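Here the structure comes first, spelled out in structure tokens, and everything after it is commentary.
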Amino acid sequence: MALATVVKVEGSSYRRPGARMLVTDDGQMTGAISGGCLEGDALKKALLAIHQRKNRLVTYDTNAVDESAIGVQLGCNGIIHILFEYIDLRRNDQPIALLEHLLQSRCEAILVTCFSTRRLQEQRGSILLTAVAADGSSTASDPGDPMLSALEGPIRQARSKRQSMLVPLGPQEAAEEALIEYLAPAPHLVIAGAGNDARPVVEAAHLLGWEISVVDGRASHALATRFPKADQVITCPAAAVTTKLSIDPWTVFVLMTHNYAYDLSLLTQLIGTPTPYIGSLGPRTKLTRLLEDMQQAGISLSEAEQKIIHGPVGLDIGAETSEEIAISIVAEINAVLRARAGGPLKFLTTKIHAQTPLII
């Protein structure tokens, strides 16, 4: 197989640096590097990389005015550089192995991918994964790689800013660059409540590739057969939920048990955890009552703690059905995790995607 990665974009494009697509030797594609206009030709280039067992960089110019040109249908008006990496499964440091390790460890990481836009230049590809644990300690896939010390500063900066960066390497005549990519764990959505209205929320989150846990105190409802796309279904009282889960800054909660006492108990426990988002299903009066009961119990919330609680949960899209409500909930969580307002893009005064900064 071959891994296609968008490593650099000049101008506009549908996907940004870090977008990936995996291609197997029988033509199966997973992921996407564009809105669909590049995938056909990229499939051919990926199969060629597999056949040659060699990395190669391909540049697509979507600025062309010819209507038959690749990408012109999208009106992207940009130049997209895509690195095709041959995957040698015998190597422990090949890109898929590095990404698999990242998924299993569930931690922040920096992935370094080296490439050159100069013709006939060797394409080194994904060479280094630096994983950062919750306690701040880090491990590298190849501690002896000289690139680790050469890029120590940019790697530290990408980690602290939680932002990917593009860095020139060596003399300018080599035209080699490194995509220093900040990678966060996938969001872990914990749905408190195993009612029928939780099922479309699971479906929507699964579509985005999130980790999903469903918890409920009712053994008759908290069944894996009812939520086949959830990673785990837990039956336990509210007081035991936080002991069953590992909560990190990418773990988010939606309280939709339709059981006031359960929601109150769980909300009380979640305050003070690293979660950045707690959604409460139901009217605003319910959330007001929850907060008042917590205050009477001697639990005062800081301004920061109040900000992570969202109720009524979801974006205002006029949702009525369970499926529509699920979309509004998942959309709001995504907006919060990406630090976006969640409003219409037509009113945005800046570019949709943040520019990848260039470190000189």
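For this structure, a couple of remarks:
- Net charge, Ile212 excluded, C-beta distance under 12 Å - Lys, Arg +1, Asp, Glu -1: -1
- Simple spin-label estimate for Thr139 and Leu89 in nanometres, 7 Å along Cα-Cβ: 2.4 nm
- For the chain, the antiparallel share of DSSP beta bridges with both residues in that region comes to about 70%.
- The chain - percent relative contact order, Cα under 8 Å, separation 6 or more: 11 percent
- Gained length - Ser149 relative to Asp26, 0.36 nm times residue gap less alpha-carbon distance: 40.4 nm
- Taking 17 Å as the cut-off, the amide N atoms of region 244-283 that come nearer than this to a point 7 Å along the Cα-to-beta-carbon line of Leu337 belong to 246-255, 274-280.
- Largest GNM mean-square fluctuation across His81, His310, His51, computed for the chain with C-alpha springs under 10 Å, falls on His51.
- Within the listed set Ser328, Ser280, Ser302, the Gaussian network model of the chain (springs between alpha-carbon atoms below 10 Å) gives the highest mean-square fluctuation for Ser302.
- Solvent-accessible area assigned to carbon and sulfur over the chain amounts to 52 percent, based on a 1.4 Å probe.
- Were the residues from Arg284 through Ala297 laid out at 0.36 nm apart, the gain over their Cα-Cα distance would be 2.7 nm.
- Label-zone membership for region 98-129, site Ala186, 7 angstrom Cα→C-beta point, backbone N under 17 Å: 98-109
- Net charge over other residues, Cβ less than 11 angstrom from the Cβ of Asn259 (K, R count +1; D, E count -1): -1
- Cα gyration tensor shape for region 266-317, rounded if a/c is under 1.5, else prolate or oblate: oblate
- Net charge over other residues, Cβ less than 13 angstrom from the Cβ of Arg338 (K, R count +1; D, E count -1): +2
- Simple label model, 7 Å out from Cα along Cβ direction - Thr59 to Glu323, nm: 4.6 nm
- Chain lengthening between Leu103 and Thr225 when straightened (0.36 nm per residue, less Cα-Cα): 41.4 nm
- The angle between the Cα long axis of helix 260-270 and the longest principal axis of the Cα atoms of the chain comes to about 50 degrees, rounded to the nearest 10.
- Residues in the chain average 52 Å² of solvent-accessible surface per residue, probe 1.4 Å, ligands and nucleic acids excluded.
- Folded to 0 to 90 degrees: helix 322-337 orientation relative to the chain principal axis, Cα: 60 degrees
The values are calculated or read from the model by the stated rules, or taken from the named source; none is laboratory data. No experiment lies behind these values; they were computed from the predicted model shown. Neighbour counts run over all protein chains shown; Cβ positions are idealised from the backbone, glycine included. The area values use the complete protein model at the heavy-atom level, side chains included, leaving out ligands, DNA and RNA. Shrake-Rupley method; radii C 1.70, N 1.55, O 1.52, S 1.80 Å.
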